[in-house]
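**Q** The structure's right below; bear with me while I get my questions together.
What follows draws every value from the coordinates through simple rules; no lab data is involved. Remember, predicted model here, so these are calculated numbers, not experimental data. Glycine also receives a Cβ, built like all others from the backbone with ideal geometry; neighbour counts cover every protein chain displayed.
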Amino acid sequence: MTSVATLHPEPAPISACTVSRDVQNFELLIDDMERELGEAWGDLGFDDALIFLDQPEAKTLEFIAIAVDAQDEGDLSRISAVIRAARGHGVKVILVANQISPVALHQLMRLGADDFVPYPLPDGALREAIERIRTPAAPPPAAAPAAAAEPEERPAFKVKGDRQGVLLPVHGLAGGTGASTFATNLAWELAGADPKDPPRVCLMDLDFQFGSVGTYLDLPRKEAVFEMLTDPQSADSESLVKSMQSFNDRLFVFTAPADMLPLDIITGEDLGTLIDMALANFDFVVIDMPTTVIAWTEAVLTRAHVYFAMIELDLRSAQNTLRFVRALKAEALPHEKLRYVLNRAPKFTDLSAKSRVKRMAESLEIAIEVQLPDGGAQVTQANDHGLPLSESAPKNPLRKEVQKLARSLHDLNKAAESAGKA
């Protein structure tokens with residue numbers, strides 16, 4: 001390694017530099033740089049890099065490798081300045097990131113980093129990144145005639161903000177209670193509740209880590225969702241609707257992002273703004289919530305008209321219900337909005353299990369207002385095929401109950417609208 005600060009008056013030209021707070025924190029990077037470049041590279045701090053890039057010696061630089069870790073997140077402005085300076089001098093940028101947040105990584109990549117490799121470096125990762133930046137970009141395709149230009153993607157309806165939607169979150173109080181299946185099918189049934197005047201329905205998957213709504217409806221994960229979550233301040237109603245996808249031209253879906261993101265990637269205030277925009281443009285907004293209770297759960301609960309809590313007839317659901325209600329009461333949150341949905345409820349003829357349901361409700365001091373039957377293997381098959389139950393198994397008993405609930409919600413909303421206009 002050649003130290004830039006101690007170069008002789010006529011040093012051998014260097015073709016690359018590492019830029020970091022302390023390169024000794026990235027020993028694997030040092031080894032790989034020596035393996036790929038020998039002595040034809042140097043090391044700089046962030047402030048030194050800004051000075052060096054303006055010197056004549058920097059004209060021989062092919063790329064810089066900016067190495068950052070979690071401690072650097074508090075000072076992204078200096079790192080951003082180095083990336084801009086390198087791009088301004090035509091120097092390629094490889095970002096080497098060790099445990100930085102997705103938001104910080106996304107911000108640095110948007111500034112113009114040419115490639116990214118994680119740290120600790122996988123075998124050959126730096127070599128592959130160098131090869132990629134050395135490969136000349138393919139020439140842009142010839143411009144097509146104006147008449148054949150692909151139209152800009154626009155929302156399927158005119159965004160006016162003229163609705164006062166009903167917010168219906170679905171929260172599974174234990175793993176595997178079927179909350180995502182219920183949310184997906186409820187949203188689809190709501191979208192078809194009135195064939196003559198179909199309501200406009202939006203389904204949002206807010207489980208940023210393991211959200212499965214996109215899988216259950218066979219929809220790809222759009223990059224626009226990630227953009228919306230990491231830069232919500234620049235979002236408006238039109239960009240929010242454009243980030244959604246239409247399922248069978250009836251249901252608008254905001255899927256979970258393609259990559260696993262921390263649940264606190266967005267604040268409660270920013271998420272509340274996105275939900276408010278959705279409510280202003282849809283008649284119903286169904287949200288598939290993560291099982292975890294986090295800071296922005298309050299933003300959803302306070303806006304909800306009905307907050308569906310999915311449970312099963314087992315001890316874990318009972319215990320989690322007690323914890324959930326206790327937590328809401330401790331924070332003075334509106335726990336009265338909870339409507340308990342018992343999935344895989346016992347059959348009418350199973351009197352023993354029916355009495356267990358009654359005892360469970362009495363011991364928890366709750367009312368189980370919705371009981372959904374076990375849909376059996378058809379539910380798993382429908383989810384695997386990316387179809388709602390109405391499309392794959394219309395006579396399934398679970399589908400019939402969800403359809404009945406959706407029509408009831410639609411009728412109640414219509415009645416409330418009529419009363420409001422009177």
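**Q** Assuming 0.36 nm per residue, please report the length gained on full extension of the stretch Glu34 to Val306 beyond their Cα-Cα distance.
**A** Gain in length upon complete extension: 91.8 nm.
**Q** Work out the FRET efficiency for Asp194 and Ala419 from their Cβ-Cβ distance, taking R0 = 25 Å, and round it to the nearest 0.05.
**A** 0.90
**Q** In sequence order, what are the phi-derived ³J(HN,Hα) couplings for the stretch 184-201 according to the Karplus relation 6.51 cos²θ - 1.76 cosθ + 1.60 with θ = phi - 60°, rounded to whole Hz, with x for glycine and proline?
**A** 5, 6, 5, 4, 5, 5, 4, 5, x, 5, 9, x, 6, 9, x, x, 8, 10
**Q** On to the next question. Taking 0.36 nm per residue of sequence separation and subtracting the Cα-Cα distance, how much length would be gained by fully extending the chain between Asp218 and Ala295, in nm to one decimal?
**A** Numbers: separation 77, 0.36 × 77 = 27.72 nm, distance 3.00 nm.
Additional length available on full extension: 24.7 nm.
**Q** Between Gln233 and Lys400, how high is the FRET efficiency from 1/(1 + (r/R0)^6) when r is the Cβ-Cβ distance and R₀ = 35 Å? Nearest 0.05. Spell out each step's value before the answer.
**A** Details: r = 44 Å, r/R0 = 1.25.
Efficiency, rounded to the nearest 0.05: 0.20.
**Q** Sort His89, His335 by Cβ crowding within 10 Å, fewest neighbours at the top.
**A** Values: His89 13, His335 17.
If I rank by nearby Cβ atoms, fewest first, I get His89, His335.
**Q** Still on this structure, I have one more. Once you sort the root eigenvalues of the Cα gyration tensor of the stretch 162-307 as a ≥ b ≥ c, which label holds: rounded (a/c under 1.5), prolate (a/b larger than b/c) or oblate (the other case)?
**A** Numbers: a/c = 1.29, a/b = 1.16, b/c = 1.11.
The shape class here is rounded.
**Q** Aspartates and glutamates near Lys160 by alpha-carbon distance under 12 Å, same-chain residues fewer than 8 away left out - which ones?
**A** Asp236, Glu238
**Q** Could you please state, rounded to a whole Å, how far the C-alpha centre of the stretch 63-131 is from the C-alpha centre of the stretch 242-310?
**A** Result: 31 Å between the Cα centres.
**Q** Sticking with this one: Report the label-to-label distance for Gln55 and Ala81 in nanometres (one decimal), using points 7 Å from each Cα along the Cα→Cβ vector.
**A** Rounded to a tenth, the inter-label distance reads 1.8 nm.
**Q** Given the Cα-Cα distance of Asp123 and Arg316 and 0.36 nm per residue of separation, how much length would full extension add, in nm? Don't skip to the end; give the middle numbers.
**A** Numbers: separation 193, 0.36 × 193 = 69.48 nm, distance 4.42 nm.
Taking 0.36 nm per residue and subtracting the Cα distance, the gain is 65.1 nm.
**Q** Only counting other Cβ atoms within 10 Å, I'd like Lys242, Lys329 sorted with the fewest neighbours first.
**A** Working: Lys242 19, Lys329 10.
Exposure proxy ranking, most exposed first: Lys329, Lys242.
**Q** Which whole-number percent gives the relative contact order of the stretch 2-134, counting Cα pairs below 8 Å spaced six or more residues apart?
**A** 23
**Q** Show the residues, 5+ positions off or on another chain, whose built amide H is closer than 5 Å to the amide H of Glu369.
**A** Answer set, sorted by chain and number: Tyr340.
**Q** List the relative contact order of the chain as a percent without decimals, with contacts defined as Cα pairs under 8 Å and 6+ residues apart.
**A** Relative CO of the chain lands at 14 percent.
**Q** Sticking with this structure for a sec: In degrees, nearest 10, range 0 to 90: what is the angle between the Cα axis of helix 268-279 and the longest Cα principal axis of the chain?
**A** With rounding to tens, the tilt is 60 degrees.
**Q** Another question about this same structure. So for Arg339, Arg35, fewest C-beta neighbours within 10 Å to most, what's the order? Spell out each step's value before the answer.
**A** Values: Arg339 16, Arg35 10.
Arranged by neighbour count, lowest to highest, Arg339, Arg35 become Arg35, Arg339.
**Q** For the stretch 181-249, which chymotrypsin sites (Phe, Trp or Tyr not before Pro) are both in a DSSP coil and crowded by at most 12 other Cβ atoms within 10 Å?
**A** Passing sites in the stretch 181-249 are Phe210.
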